[in-house]
Amino acid sequence: MPKKRDRSFIERGFISAGIVALVILTAVIIFLQVQFFANIESGEQSETSDTQASSISQGSSTTFMVGDRKSYVYGRETTLTSNDKLSGNGREKVPLVIFLHGTGGDPQEQAIDSGWSEQAEKSNIVVVSPEYNDVATYTEVDYIVDVINRASELYPIDTNRVYSVGFSNGGATSVALAARHPELISGIAAYGWQVDLLNPQQGYEIPFQVIQGSQESTRYDYDKNPMVRSDTAQSIRGLLLYNSMIDSNVQPDYKQTPYWGYIPNDSQTDMVDGVNWTINNYRKKQYRQPFAQLILIDGADHRVNAHEAYYSWEFLKEFERDDSGKIVAR
């Protein structure tokens, strides 16, 4: 008859096997946890790299305050740095562009979507996009002047090369700034809408550009010829008169020049991302480059366009205002 095994021996065997299994299971769990968190960290590093790449492609940015309102600033890092070793006269002076967003818009988003944040990096300019009352125009001018002055204190701004551009209400406010303080700026650009010059300071000139979409608040004259909306049309006329580029007896002819009403000195059509941009140039005798430029984007409606900054800077960079207040060509 076989001998019975000792019960305690069998129990000890089961316990030992259980301990070994537990150790193995614990090791597997620890291994899986290590792999899991390693993957998370790797993903976070990848996401951080993507974010950094995006930031670099848009150029460096920072902010400053005027009162309780924030301004977003774009430019090259070497230009925007606050390092004392690079401050003052040691830094190259660069142009300043004020970008004003449209009603209900976001100053950061529209500065990026219009191409101005990228243009700041490419062309070594400072672009400031301030928060402001985006349903007002002339009543915001003093505040915009404060923004210009504060930017000039913080960054190496060439005060002879300050420009104002904007989308919709921002374009209208740029016109208002030109009317009240033409001595401060060397050119303006308005995208999509603008207001008339009201009691502008006399004795100055102001280069100006208008960019409009053919589906953007288009109106029609009595003969059903397409034209920009009446307030924009009045603003363009006012700017042409202010710059002595037309006589007061000249009236717009929208049959001859659809949308704009005034015959350009020359024009060209660029194909941009498969869309026609028709560029009408208006010249003054003492300047080799166009002094006014009206651009129509075929089929575009009321929104910012990523190529606007490029075309505006190509136009505006040709002008500066000397210490006597006169516009001179570069």
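The values are calculated or read from the model by the stated rules, or taken from the named source; none is laboratory data. Note that the structure is predicted; figures quoted are calculated from it, not measured. Ideal geometry is used to build each Cβ from the backbone, glycine not excepted, and the neighbour counts take in all protein chains shown.
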Query raised in the report: Only one of (1) among the polar types (S, T, N, Q); (2) over 19 Å from residue 174 (Cα atoms); (3) without any contact (Cβ under 8 Å) to a residue 60 or more places away in the chain; (4) assigned to a loop (DSSP other than H, G, I, E, B) fails for residue 215. Which number is that?
Result: (3)
Requested in this report: Being assigned to a strand (DSSP E or B) and either touching a Ser or Thr at 6+ places or on another chain (Cβ under 8 Å) or surrounded by fewer than 17 Cβ atoms within 10 Å (Cβ to Cβ) (or both) narrows it down to one of 147, 141, 162, so name that one.
Outcome: 162
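Take residue 306 and tell me if it is assigned by TED's automatic domain parsing to the domain that holds residue 97, of a type in the set (A, V, I, L, M) and more than 14 Å from residue 262 (Cβ to Cβ).
yes
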Query raised in the report: Scanning for something in contact (Cβ under 8 Å) with a residue 40 or more places away in the chain, touching a Gly at 6+ places or on another chain (Cβ under 7 Å) and assigned to a helix (DSSP H, G or I), does segment 175-193 turn up at least one residue?
Result: yes
Query raised in the report: Among the residues of segment 200-213, is there at least one that is under 26 Å from residue 181 (Cβ atoms), modelled with pLDDT of 95 or more, exposed (fewer than 14 other Cβ atoms within 10 Å of the Cβ) and in the same structural domain as residue 306 (by TED's automatic domain parsing)?
Result: yes
Query raised in the report: Which residue pairs have Cβ atoms under 6 Å apart, sit 6 or more places apart or on different chains, and have a first residue in segment 114-127 that is within 14 Å of residue 72 (Cα to Cα) and of a type outside the set (Lys, Arg) and a second that is in a helix (DSSP H, G or I) and at pLDDT 95 or above?
Result: 116/309; 117/111; 127/116; 127/120
Query raised in the report: So which residues in segment 217-273 are buried (at least 18 other Cβ atoms within 10 Å of the Cβ), within 26 Å of the chain's Cα centre (by Cα) and at positive phi, if there are any at all?
Result: 259
Report task. Could you check segment 258-330 for strands (runs of 3 or more DSSP E) lying wholly inside it with 1 or more residues that are of a type in the set (Lys, Arg)? Result -> 319-321
